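The structure appears right after this line, and notes come after that.
The values are calculated or read from the model by the stated rules, or taken from the named source; none is laboratory data. What you are looking at is a predicted structure, and each value in this text was computed from that prediction instead of being measured. Here the Cβ positions follow ideal geometry from the backbone for every residue, glycine too, while neighbour counts run over all protein chains shown. Please note that ligands, DNA and RNA were not included when accessible areas were found on the heavy atoms of the full protein model with its side chains. Shrake-Rupley method; radii C 1.70, N 1.55, O 1.52, S 1.80 Å.
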Amino acid sequence: MPRKLFIKTYGCQMNVYDSGRMADLLAPLGYEETMTPEGADLVILNTCHIREKAAEKVYSELGRLRALKDQRKAAGGDMLIAVAGCVAQAEGEEMGRRAPVVDLIVGPQTYHRLPELVAQAHRVSGAVLDTDFPAESKFDHLPESQKTEGPTAFLSVQEGCDKFCTFCVVPYTRGAEYSRSVSDVLAEARRLVAGGVHEITLLGQNVNAYHGEADDGTWSLARLVRALADVPGLQRIRYTTSHPRDMSDDLIAAHGEIEQLMPYLHLPVQSGSDDVLKAMNRRHTRDVYLRLIERIRVARPDIAMSGDFIVGFPGETDSDFAQTIDLVQQTGYASAYSFKYSARPGTPASTAGAQVPEAVKSERLTALQQLLDAQQVAFNHASVGKTVPVLFERTGRKAGQLVGRSPWLQAVHVEADVAMMGKLADVTLVEAKANSLAGVLQAAEPAGKVA
Ligand code: 5AD
Ligand code: SF4
């Protein structure tokens with residue numbers, strides 16, 4: 001009898017990757033993934049702790065799952081509930097106390113032990129807990145097979161962070177910086193491509209700090225990207241998320257030289273004020289960031305910039321915020337993410353005296369998002385009229401419509417035969433909306449037919 005597994009993923013792309021690997025790990029035990037928690041034998045919530053609301057969402061989801069679990073039990077069955085990811089790591093035993101419905105709590109660095117933990121959870125009452133930072137790497141214990149879905153895939157190459165920005169939980173929940181070996185990464189990339197993947201996004205909390213071991217020494221991310229560009233069939237390479245401090249010369253050069261490396265860079269700056277950057281322990285100034293972008297644009301003039309911003313960091317004044325607005329105006333973003341500062345337990349900034357009032361945070365966030373939205377719309381409008389390669393990833397909401405991505409990560413809606421799924425084709429962009437573009441497939445218009 002196959003057993004049903006439901007995984008709900010919160011937060012970042014690395015969690016999406018981890019959830020896939022959890023499904024790989026549990027498949028040999030007979031677990032097949034389902035799309036809903038109803039009727040599942042095992043439910044895993046793969047959680048995110050980066051901002052406050054994320055953890056609250058997990059607790060309310062656990063409340064809903066308790067009702068389902070009770071129903072299953074009343075019907076003579078059972079449902080095992082596991083919490084994985086960064087909330088599990090941060091809350092640890094406390095989670096078992098706050099939500100007794102949880103059977104299993106497993107951190108991001110120990111989920112390779114899920115099969116034995118699940119077996120243990122069946123045997124004992126109360127929550128089984130594993131939030132170690134083990135000496136061994138989970139990557140050495142994960143099964144090889146990773147099933148591919150569609151033409152794009154994530155590939156974790158680096159994890160954890162040693163930067164200790166004063167607002168951030170990542171160094172505590174994901175642990176110290178770690179890079180997978182070059183041979184591991186290349187082997188996984190080849191397997192993905194063999195499974196039909198054309199585009200790989202390399203993942204890491206600090207991906208451009210990658211320093212993977214190879215037979216001939218330590219490789220940088222740039223060298224890894226160059227090697228991946230030689231994998232036959234791999235047409236597009238992306239990477240995320242990067243720290244300005246680790247944006248090395250060879251990586252900048254790679255953007256100008258490697259055709260498969262897409263012209264899109266997510267490079268969070270967080271703030272445009274030197275005082276705030278210092279208090280955040282970002283280890284770079286606004287000037288360093290702005291000069292970096294100038295150099296990247298020299299190497300790759302059409303690069304689309306993306307970033308993350310925090311408003312209302314403790315001590316942020318109106319003039320600090322004005323500096324952030326100024327930096328955004330100078331940079332010009334194709335897309336960006338902005339957040340109100342949220343105090344995370346255990347981080348240095350959470351106990352800083354000068355917390356910014358909620359109303360001020362809201363006001364600043366609205367102003368910043370208006371500017372970033374306007375920049376995104378302008379970027380999309382500037383693309384209209386261009387003919388660009390689009391990789392079709394999924395079917396659209398309307399019949400006969402496919403959705404793909406441009407090199408600049410814009411979503412493009414096109415009328416196209418479903419046979420085009422997973423393929424790259426030239427598309428002329430004809431209309432810009434706030435979050436996407438409409439395009440016309442070139443190959444579908446045979447020469448002579450267009451009057
Ligand atoms: N409050 C608000 N935003 C945060 N981020 C990380 N920690 C916090 C926090 N405590 C944002 C940063 C980071 C992104 C992933 O989440 O902008 O780059
Ligand atoms: Fe967090 Fe990124 Fe700073 Fe690391 S570099 S502490 S992951 S914000």
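Within region 64-82, is there a residue that is surrounded by 13 or more Cβ atoms within 10 Å (Cβ to Cβ), touching a residue at least 60 places away in the same chain (Cβ under 8 Å) and not hydroxyl-bearing (Ser, Thr, Tyr)?
No - not one qualifying residue is present in region 64-82.
I'd like to know if region 110-121 contains one or more residues that are touching a Lys or Arg at 6+ places or on another chain (Cβ under 7 Å), among the acidic types (Asp, Glu) and over 28 Å from Arg223 (Cβ atoms).
no
Checking the conditions here, which among Phe313, Phe339 is under 24 Å from the mean Cα position of the chain (by Cα), within 16 Å of ligand 1 (Cβ to nearest atom) and under 12 Å from Ser273 (Cα atoms)?
Phe313
Scan region 20-29 and give yes if some residue there is without any contact (Cβ under 8 Å) to a residue 40 or more places away in the chain and of a type outside the set (A, V, I, L, M, F, W, C), otherwise no.
No: region 20-29 contains no residue that is without any contact (Cβ under 8 Å) to a residue 40 or more places away in the chain and of a type outside the set (A, V, I, L, M, F, W, C).
Quick one: which residue in Arg190, Arg223, Arg283 is on the phi > 0 side of the Ramachandran plot and open to solvent by 10 Å² or more (accessible area, probe 1.4 Å)?
Arg283
Tell me whether region 409-422 contains one or more residues that are over 27 Å from the mean Cα position of the chain (by Cα), among the β-branched types (Val, Ile, Thr), within 15 Å of Pro151 (Cα to Cα) and not assigned by TED's automatic domain parsing to the domain that holds Tyr239.
Yes, because at least one residue in region 409-422 is over 27 Å from the mean Cα position of the chain (by Cα), among the β-branched types (Val, Ile, Thr), within 15 Å of Pro151 (Cα to Cα) and not assigned by TED's automatic domain parsing to the domain that holds Tyr239.
Return the total of residues in region 154-171 being over 22 Å from Pro348 (Cα atoms) and open to solvent by less than 20 Å² (accessible area, probe 1.4 Å).
The qualifying residues number 4.
Within the group Glu32, Glu38, which residue is free of Cβ contacts under 8 Å to residues at least 40 places away in the same chain, assigned to a strand (DSSP E or B) and open to solvent by 60 Å² or more (accessible area, probe 1.4 Å)?
Sole residue among the options that is free of Cβ contacts under 8 Å to residues at least 40 places away in the same chain, assigned to a strand (DSSP E or B) and open to solvent by 60 Å² or more (accessible area, probe 1.4 Å): Glu32.
If I ask for residues that are within 16 Å of ligand 2 (Cβ to nearest atom) and assigned to a loop (DSSP other than H, G, I, E, B), which ones from region 273-298 would you list?
Matches in region 273-298: Met280, Asn281, Arg282, Arg283, His284, Thr285.
Taking only pairs six or more apart or across chains, which ones have beta-carbon atoms under 6 Å, a first residue in region 159-175 that is under 18 Å from Gln13 (Cβ atoms), and a second residue that is within 8 Å of ligand 2 (Cβ to nearest atom) and of a type in the set (D, E, K, R)?
Glu159/Arg174; Gly160/Arg174
Determine whether Ser383 is hydroxyl-bearing (Ser, Thr, Tyr), away from ligand 2 (no atom under 16 Å from the Cβ) and under 17 Å from Asn435 (Cα atoms).
Judged against the criteria, Ser383 is a match.
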